[in-house]
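Trainee: There's a structure below that I have some questions on.
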Amino acid sequence: MKISEEIAETLRDEIIAGIYKPKQRLIEEELSEKFFVSRTPIREALKQLEAAGLVTIEPYKGAFISDVDLEEIRNIYELRCVLEAFVTAQSVEHINPETVAQLRGCLERMNMCIDTGDTVGFAAENASFHAILFERCPNKVAVQLVQKLLDRTAAFRVLSWRTVSGMKKSMEGHQRIFEALVAGDAEAAQKHAAQHIRLYMKEELIPLTQKKGRGFEK
């Protein structure tokens with residue numbers, strides 16, 4: 001893996017974890033010092049993030065974390081309900097004891113993050129949970145599509161984990177998915193994966209859209 005790709009991957013994970021916020025500027029000099037590299041691989045990494053929709057590069061101004069387009073986010077979440085549920089169901093037949101142990105470990109660490117109020121750690125374990133699950137799906141095209149959708153909403157998704165109550169609600173959905181996977185129930189796993197996303201849309205995304213309609217400032 002090229003150094004620029006490694007940097008892009010690290011920054012992507014940090015954006016997902018909420019370390020950077022929408023509209024925040026990414027300063028090349030600071031990133032060069034952080035990663036101990038010249039500005040060339042930093043620029044290459046930022047272009048990769050721009051292609052993924054995570055960063056916006058403005059001429060003569062620099063790179064910024066992409067702002068939140070609530071209507072686009074809503075459309076993406078509606079599509080995720082279908083695709084992620086499909087991927088989850090497809091993974092069931094390929095779940096083995098090692099995978100179960102890995103997923104259980106993620107859930108245990110997510111609970112620890114809830115106890116300590118660690119939103120960054122929770123986001124990381126959430127990403128690991130889904131990455132492990134997606135690895136078991138034989139339809140890699142569907143997995144790639146889901147991952148692209150997740151990348152497009154990376155800077156926004158962390159909003160659902162900004163409070164302990166938000167993390168607890170997310171945890172309940174993960175627990176139901178896990179139980180269905182362990183039981184080998186593809187239909188239940190698919191249902192809970194879709195419900196997990198729909199619940200988030202109802203409690204987090206739709207209220208934000210309504211606020212925007214009343215003059216909510218993004």
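Trainee: For region 133-140, just list the computed ³J(HN,Hα) in residue order, Karplus coefficients 6.51, -1.76 and 1.60, θ = phi - 60°, integers in Hz, with x standing in for Gly and Pro.
Mentor: Residue by residue, region 133-140 yields 5, 5, 4, 8, 7, x, 8, 6 Hz.
Trainee: Could you tell me the largest-minus-smallest coordinate of the C-alpha atoms of region 57-143 on each of the three principal axes, in descending order and whole angstroms?
Mentor: 53, 35, 22
Trainee: Compute the label zone of K61 within region 24-50: residues whose backbone N is under 13 Å from the point 7 Å along Cα-to-Cβ.
Mentor: Zone members listed by number: 24-26.
Trainee: Need the full-extension length gain, A51 to Q102, defined as separation in residues times 0.36 nm minus the C-alpha distance. One decimal, nm.
Mentor: 15.2 nm
Trainee: Normalised by the number of residues in region 95-147, what is the relative contact order in percent for Cα pairs under 8 Å and 6+ residues apart?
Mentor: 36
Trainee: Here's a follow-up. Report, in cubic angstrom per residue, the convex hull volume of the C-alpha atoms of region 34-97.
Mentor: Hull volume normalised by residue count: 162 Å³.
Trainee: Within region 1-110, list the chymotrypsin sites (Phe, Trp or Tyr not before Pro) lying in a DSSP loop whose Cβ has at most 14 other Cβ atoms in a 10 Å radius.
Mentor: F36, Y60
Trainee: Over region 4-116, what portion of Cα pair distances is larger than 19 Å, expressed as a whole percent?
Mentor: 62
Trainee: Assuming 0.36 nm per residue, please report the length gained on full extension of the stretch A186 to T163 beyond their Cα-Cα distance.
Mentor: So the chain would gain 5.2 nm between A186 and T163.
Trainee: Relative to the first principal axis of the alpha-carbon coordinates of the chain, what is the inclination of helix 164-183, with its axis defined by its Cα atoms, in degrees from 0 to 90 and to the nearest 10?
Mentor: It is inclined by approximately 50 degrees.
Trainee: Under a 5 Å amide H to amide H cut-off, with H placed in plane at 1.01 Å, what residues pair with L26 once short-range neighbours are removed?
Mentor: A63, F64, I65
Trainee: Okay, moving on. Under 5 Å between amide H atoms, partner at least 5 residues away or on a different chain: which partners does V55 have, H built in plane at 1.01 Å?
Mentor: Placed amide hydrogens put E50, S66 under 5 Å from V55.
Each reported figure results from applying straightforward, stated rules to the coordinates on display, with no laboratory input. As the structure is a prediction and not an experimental result, all values here were calculated from the model. No Cβ is skipped: glycine too gets one built from the backbone with ideal geometry, and neighbour counts run over all protein chains shown.
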